[in-house]
Amino acid sequence: MSRETTASDSTEKGDPTGQSGNTRRRFLKSVAVSTGAVSIAGCTGQFGGGGGAEPIKIGTLYDNSGPMGFVGKGKDAATKMWLEEQNHTLLDREVEWIDYNPAGDNTKYKNLTRKLIQQDDVDMIFGALLSSNREALRPIVDENKQLFSYNDWYEGGVCDEFMVLNTTLTSQQRPLIDFMVENFGSDYYALVADYNYGRVSNRYARHYAQENGAEPVGEEFIPLEVSEFGSTINRIKEEDPDWILSLLVGSSQLSFFKQAESAGVDLPYGSLANIAGTYEHVKFEPPVMSDTYSCFSYFQEIPTERNRQFVQKFQENNPDYTKENGGYVFLSIADAWNAIRFYWKAVEKAGTVDQQEVLAAYEDGLELESPKGTITFNGETHHATQNMWLAKVNDDHSITFLDQGGNETDQPIAENVQTSEWFRNQCNLVEDSTWDDPKTEYLTPDEGDLA
């Protein structure tokens, strides 16, 4: 169903002139509400507005408080910067930004999703941080046939007609596991955050390790609230692995690294969660994170002119994200930036904000030049295909990028990386799903499925 409006719609909603956009002021207006902040951006009277057409509405659900508040604030800052660059205008129409703060509460995520769809009548929603947040709201999105961009890094598996996704951890697994086994050895110790992100990601990691003739000499599934690791460190020393696989997340679990350094653990870390996403090399004093190898699609330090310009502009707009202030332009910021730019390209290609037509534009294979490099949207899986970079944290906590052989490079370790072959074989939304008869699944492999 088209969400586009006309001048007659404005008249019915209390604007007898049918020119409601012309009354809006030229600034970003923030209105505090009980669950977050609603921002109305734009100046239709100055930049056009489709001759009285109502604004295009986008909604965001990024935590601005709670355990993941720092992530949501970064995503909102990236969204704001893009809207300001575009003068809050798309298709010569004003863009209205409705921004709510779920604060990490899944009940709020559900209620605010309903509000954005059923009351605010948005054309697009961006948001959810943790996988639990996404899965809480996804049935509401599916029931209402609402286009939704989930653009944070996650364990993979969403095969949903109404969701478009920036990235997935399964695409970073193989380059990292291949590198760690080849350069350090086949015996590793896995530290896994005990929830779906950690468990599913570890399943993939174990599979890719086995393909390299490697296996874990120990696996620990650690509850998110655990912050004391003395017994874990003792077991690591007893097993004497070649390296440690880190799937640790959250402020409590990150205390492992300081405790391990104090206890004299001198092993390389292969990380599928740290550095790009939570920038421990900036938060912690050297040499706590020394000899950590992290594979992601984005790091602030990516040595390209496009990325340098992005980082410079973002930090000029948001000084809290400079190194001097203890900040970092982390992965989730870049993903939010790319997500809204992908939406812009899809709408411009479709020539409308009709959600079904916008999705068709996504599925046609959009390509985006980004701070990460070239990103292509894969229509079959609704996931982005992108480059992966392998970063080494040096003794002084600076970053060096490496190739598969461990040599310094200014290039990604792998280009045009897709989701796992197993997932691609299970998920083809172009052939097996339609807007009216949608596929809306969360697919995770069982033991043995990846073989």
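Just so you know, in the stretch 319-351 the residues that are β-branched (Val, Ile, Thr) and crowded, with 17+ Cβ neighbours inside 10 Å include one that is farthest from the chain's Cα centre (by Cα), and it is Val347.
Quick grid of which residues meet (1) at pLDDT below 95; (2) in contact with a Lys or Arg (Cβ under 6 Å, 6 or more places away or on another chain); (3) within 15 Å of Thr79 (Cα to Cα); (4) not polar (S, T, N, Q):
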site: Pro303; (1), (2), (3), (4): no, no, no, yes
site: Pro319; (1), (2), (3), (4): no, no, no, yes
site: Asn325; (1), (2), (3), (4): yes, no, no, no
site: Phe330; (1), (2), (3), (4): no, no, yes, yes
site: Gly351; (1), (2), (3), (4): no, no, no, yes
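Total residues in the stretch 423-448 satisfying the condition of being open to solvent by 40 Å² or more (accessible area, probe 1.4 Å), touching a residue at least 24 places away in the same chain (Cβ under 8 Å) and not in a loop (DSSP other than H, G, I, E, B): the figure is 7.
Which of the residues that make up the stretch 353-372 are of a type in the set (Gly, Ala, Ser) and touching a Lys or Arg at 6+ places or on another chain (Cβ under 8 Å)?
Here is the first cut: in the stretch 353-372, the ones of a type in the set (Gly, Ala, Ser) are 360-361, 365, 370.
Result: Ala361, Ser370.
Within the stretch 60-86, being among the acidic types (Asp, Glu) and under 18 Å from Ser132 (Cα atoms) holds for one residue alone: Asp63. So which residues in the stretch 80-134 are of a type in the set (Lys, Arg) and over 17 Å from the mean Cα position of the chain (by Cα), if there are any at all? Arg93, Lys108, Lys110, Arg114, Lys115 - these are the residues of the stretch 80-134 that are of a type in the set (Lys, Arg) and over 17 Å from the mean Cα position of the chain (by Cα).
Filter the stretch 259-318 down to the residues that are in a helix (DSSP H, G or I) and either surrounded by 19 or more Cβ atoms within 10 Å (Cβ to Cβ) or small (Gly, Ala, Ser) (or both) and list them by number. Ala260, Ser262, Glu280, His281, Asn307, Phe310, Val311, Phe314, Gln315 - these are the residues of the stretch 259-318 that are in a helix (DSSP H, G or I) and either surrounded by 19 or more Cβ atoms within 10 Å (Cβ to Cβ) or small (Gly, Ala, Ser) (or both). Screening the candidates Thr376, Thr419 for the property of being surrounded by 14 or more Cβ atoms within 10 Å (Cβ to Cβ) and not in a loop (DSSP other than H, G, I, E, B) yields one hit, Thr376.
From the list Phe162, Phe221, Phe184, which residue is within 30 Å of Glu441 (Cβ to Cβ), touching an Asp or Glu at 6+ places or on another chain (Cβ under 7 Å) and surrounded by fewer than 21 Cβ atoms within 10 Å (Cβ to Cβ)? Break it down into steps so the answer makes sense when it comes.
Numbers: Phe162 fails: surrounded by fewer than 21 Cβ atoms within 10 Å (Cβ to Cβ); Phe184 fails: within 30 Å of Glu441 (Cβ to Cβ).
After ruling out the rest, the residue left standing is Phe221.
Of all residues in the stretch 83-130, those satisfying the criterion of being open to solvent by 20 Å² or more (accessible area, probe 1.4 Å), over 14 Å from Ser149 (Cα atoms) and aliphatic (A, V, I, L, M) are Leu91, Ala103. Where helices (runs of 4 or more DSSP H) fall entirely within the stretch 100-208, those with at least 3 residues that are of a type in the set (A, V, I, L, M) are at 131-144, 170-184.
Does the stretch 224-234 hold any residues that are open to solvent by less than 70 Å² (accessible area, probe 1.4 Å) and either of a type in the set (Asp, Glu) or not in a helix (DSSP H, G or I) (or both), and which are they? Break it down into steps so the answer makes sense when it comes.
The first filter runs over the stretch 224-234 and keeps only residues open to solvent by less than 70 Å² (accessible area, probe 1.4 Å), leaving 226-227, 229-233.
Result: Val226, Ser227, Phe229.
Cβ-Cβ contacts under 7 Å between residues 6 or more apart (or on different chains), taken from a first residue in the stretch 173-192 that is at positive phi to a second residue that is open to solvent by less than 10 Å² (accessible area, probe 1.4 Å) and at pLDDT 95 or above, are listed as Gly185/Trp243.
The values are calculated or read from the model by the stated rules, or taken from the named source; none is laboratory data. These numbers come from a predicted model, not from an experiment. Glycine also receives a Cβ, built like all others from the backbone with ideal geometry; neighbour counts cover every protein chain displayed. All accessible areas refer to the heavy atoms of the entire protein, side chains included, with ligands and DNA or RNA removed. Shrake-Rupley method; radii C 1.70, N 1.55, O 1.52, S 1.80 Å.
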